[in-house]
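Presented below is the structure to which this report refers.
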Amino acid sequence: MHPSQVAELIRAALPGAEVAVASDDQTHYSARIVSESFAGLRGVARHQLVYRALGTRVGREIHALSIEALTPVEAAGRGKSPEPRIG
């Protein structure tokens, strides 16, 4: 699955989210997601939202997924970060 397809699935589930997905082999992915939907949620709950967006693809087309899930305020505090990297 191409990283852009993974990003589109996440955007569809989290409207207005800024999503960047990278993959070296199209089975192991790294995603950086900035969304208001994460406000008030702990890390596990944020990841669950992302996994729910990807559904049964996780464990099939998506073998591994590293997630950085931030609110816009958290992202602004970290400054502009580069595209997610694998490895």
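The values are calculated or read from the model by the stated rules, or taken from the named source; none is laboratory data. Small disclaimer: the values here were computed from a predicted structure and weren't measured. Note that we place each Cβ from the backbone using ideal geometry, even for glycine, and neighbour counts take in every protein chain shown.
What are the residues in the stretch 26-42 that are in contact (Cβ under 8 Å) with a residue 12 or more places away in the chain and either more than 17 Å from Ala64 (Cβ to Cβ) or not small (Gly, Ala, Ser) (or both), if any?
Those that are in contact (Cβ under 8 Å) with a residue 12 or more places away in the chain and either more than 17 Å from Ala64 (Cβ to Cβ) or not small (Gly, Ala, Ser) (or both): Gln26, Thr27, His28, Tyr29, Arg32, Ile33, Val34, Ser35, Glu36, Ser37, Phe38, Ala39.
With modelled with pLDDT under 95 and touching a strand residue (DSSP E or B) at 6+ places or on another chain (Cβ under 9 Å) as the only criterion, which of Gly87, Gly79, Gly59 stands out?
On inspection, the qualifying residue turns out to be Gly87.
Can you tell me which residues in the stretch 14-36 are buried (at least 18 other Cβ atoms within 10 Å of the Cβ) and either modelled with pLDDT under 95 or over 11 Å from the mean Cα position of the chain (by Cα) (or both)?
Answer for the stretch 14-36, where residues must be buried (at least 18 other Cβ atoms within 10 Å of the Cβ) and either modelled with pLDDT under 95 or over 11 Å from the mean Cα position of the chain (by Cα) (or both): just Ser23.
Just give me the residues in the stretch 29-77 being of a type in the set (Lys, Arg) and over 19 Å from Gly16 (Cβ atoms), in sequence order.
Listed by number, the residues that qualify are Arg42, Arg57, Arg60.
Quick one: how many residues across the stretch 1-18 are in a loop (DSSP other than H, G, I, E, B) and closer than 11 Å to Tyr29 by Cα?
So the answer is 2.
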